[in-house]
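Okay, structure first, notes after.
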Amino acid sequence: MNIKFPDDIHWRYWVECWDSMQERYIACRKERFELIVRLIADTQNTITRVLDIGCGTGSLMLSVLQKFLQTEVYGIDFDPTLLVLAEKRLAKFGRQVHFTQTDLRAESWLQSVPVPIDAAISATALHWLNAEHLSQLYCQLAGILRPGGIFLNADHLCSSSPAIQTGWEKHREQMLREQKDGDAYDWDGFWQAYGRALNVDINQFRSKFTWEGSEEGLPIEWHFEKLRACGFEAVDCFWRCDCDAIYGAIRGQN
Ligand SMILES: C[S@@+](CC[C@H](N)C(=O)[O-])C[C@H]1O[C@@H](n2cnc3c(N)ncnc32)[C@H](O)[C@@H]1O
């Protein structure tokens, strides 16, 4: 099913709708992007190329481009309806931005990124992958990052304690219930409205973008172990609030 995107798509409106929808679910979303940018600046002497994995509408890429004025940023996502918004949103950065529509579960995605890269970053995307694909991705990232380059991911992580996990989920549900009725769409509302604007049956279209991970994500110890096994060092958690965290690591010298 190919989509013919309307020439007059109101991309600013839909980008804003996406961001406000994400902010309903993700506490401190903007602050997390700032922390990712700061960690890149603190750890990298040269920042020539940055990769955003599961870039969606380019929100995190924008934070990177605003801070690093010469850096080339590569966005990867398998959903063309989000990539079209990212392309329009970041068009003003010209040849600094590059997008590829590809599935991270297929090894061929690696061909879309010139190597080496200085930072590989992601927000709320990697929990869509199952454990096998995610550990494969970590080793692929170690292969394309420059030694000393950084990997950072802001995402959902579960607890290995069922009692703690249950508490986090209760707290999250309460937070969502207590949200004031604003203008922001919820996840399904966004897709239904955006699908109408694109004139597509969005349920049918989105059924192509399967995901095999879990909403809760995997425990932080799991990520640490897999990252070390792929050659990462200085593996750490840089921020955490219940089931949401920013963790990452530096690619080792070997
Ligand atoms: C919740 S959105 C987050 C988007 C963006 N990072 C942000 O913070 O706004 C998750 C993104 O991951 C992308 N994604 C999930 N699984 C993917 C895969 N296997 N290959 C490529 N992109 C994927 C989705 O299409 C979606 O854009």
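The values are calculated or read from the model by the stated rules, or taken from the named source; none is laboratory data. In this text, all values refer to a predicted model and were calculated from it rather than measured experimentally. Positions of Cβ are backbone-derived with ideal geometry, glycine not excepted, and every protein chain shown enters the neighbour counts.
Summed over region 103-148, residues that are assigned to a strand (DSSP E or B), more than 29 Å from W18 (Cα to Cα) and of a type in the set (G, A, S) total 1.
When the residues of region 122-136 are narrowed to those that are near the ligand (Cβ under 9 Å from one of its atoms) and of a type in the set (A, V, I, L, M, F, W, C), which ends up surrounded by the most Cβ atoms within 10 Å (Cβ to Cβ)? Show your work before the answer.
To start, the set of residues in region 122-136 that are near the ligand (Cβ under 9 Å from one of its atoms) comprises 122-129, 133.
Imposing the further condition that a residue be of a type in the set (A, V, I, L, M, F, W, C) reduces the set to 123, 125-126, 128-129.
On the way: A123: 25, A125: 21, L126: 22, W128: 21, L129: 20.
Taking the candidates together, the pick is A123.
Among the residues here, V50 does not qualify as outside any loop (DSSP other than H, G, I, E, B), crowded, with 22+ Cβ neighbours inside 10 Å, in contact (Cβ under 8 Å) with a residue 24 or more places away in the chain and touching a Lys or Arg at 6+ places or on another chain (Cβ under 9 Å).
How many residues does region 171-192 hold that are surrounded by 15 or more Cβ atoms within 10 Å (Cβ to Cβ) and either aromatic (F, W, Y) or in contact with a helix residue (DSSP H, G or I) (Cβ under 8 Å, 6 or more places away or on another chain) (or both)? Spell out how you get there, then give the answer.
Looking only at region 171-192, we keep the residues that are surrounded by 15 or more Cβ atoms within 10 Å (Cβ to Cβ), and these are 172, 184-185, 190-191.
Adding the requirement that they be either aromatic (F, W, Y) or in contact with a helix residue (DSSP H, G or I) (Cβ under 8 Å, 6 or more places away or on another chain) (or both) leaves 184-185, 190-191.
Number of matching residues: 4.
Criterion applied to A245, A229 was being in contact (Cβ under 8 Å) with a residue 12 or more places away in the chain and closer than 19 Å to H171 by Cβ, and the one residue passing it is A245.
Of everything listed in (1) at pLDDT 95 or above; (2) in contact with a helix residue (DSSP H, G or I) (Cβ under 9 Å, 6 or more places away or on another chain); (3) within 24 Å of Y138 (Cα to Cα), the single unmet condition for I26 is (1). Criterion applied to F224, F190, F238, F209 was being touching a residue at least 60 places away in the same chain (Cβ under 8 Å), assigned to a helix (DSSP H, G or I) and within 30 Å of A120 (Cα to Cα), and the one residue passing it is F190. Taking the listed residues A163, A229, A154, the one that is surrounded by 13 or more Cβ atoms within 10 Å (Cβ to Cβ) and either within 29 Å of V64 (Cα to Cα) or not hydroxyl-bearing (S, T, Y) (or both) is A154, with no other qualifying. One residue alone among L69, L35, L83, L104 is under 21 Å from H127 (Cβ atoms), modelled with pLDDT of 95 or more, more than 11 Å from the ligand (Cβ to nearest atom) and of a type in the set (A, V, I, L, M), and that residue is L35.
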